[in-house]
Amino acid sequence: MVQAGLTGSARTDKLPRYSRKQSFRPEVVGSRAGLRRESTGMRRASRGKVSGVHIREFQQLIDRMYSYKDRQRGPAKTFLWLAEEVGELASAIAKGDPQAQKGEFADALAWLVTLANVQGVDLEEAVQKFTSGCPGCGQMVCHCAAKMT
């Protein structure tokens, strides 16, 4: 797999990165090189779909599919796409359509992961903030009064 670090970006070596100057080579990064179980740990289901994905694996999957375009777009425009998807999710929730909600949750999550990739943030490391309890009160069941409304 081709890997290169982004200049000026704090990131780990766990996620593949492609510099803006490096040419994107889908034949190297695509399904042959990137979606085998032994290279990512993801399980392939029928019709080429990936199932049973963990946070880091999903982040790597999104990175492989969209990294070149995402880095060309940059963080500001990527954030606008995320905001648009969150708005579409809000509309789906207001309408009460469970199928539309499911799709919009997926879209919003994908754009959040995309933004993390552009910024060089490993989300699996980031969520460790919550694994020992609420960051505010330290309890596994939050007792903070501040976020009740």
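Numbers below:
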{"item": "Theoretical FRET efficiency, 1/(1+(r/R0)^6), r = Cβ-Cβ of K147 and V53, R0 30 Å, to 0.05", "result": "0.55"}
{"item": "Extension gain (nm, one decimal) between C134 and K95, 0.36 nm per residue minus Cα-Cα", "result": "10.9 nm"}
{"item": "Difference of contour (0.36 nm per residue) and Cα-Cα distance, R73 to V86", "result": "2.8 nm"}
{"item": "Highest average packing first - 57-68, 122-133, 74-85, Cβ atoms within 10 Å", "result": "57-68, 74-85, 122-133"}
{"item": "Neighbourhood charge, 11 Å Cβ-Cβ cut-off, centred on E104 and excluding it, Lys, Arg +1 and Asp, Glu -1", "result": "-3"}
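Read-outs: derived from the displayed coordinates by stated rules, not from any lab. Predicted, not measured: the structure shown is a model, and the values here were computed from it. So basically every Cβ, Gly included, is an ideal-geometry build from the backbone, and we count neighbours across all protein chains shown.
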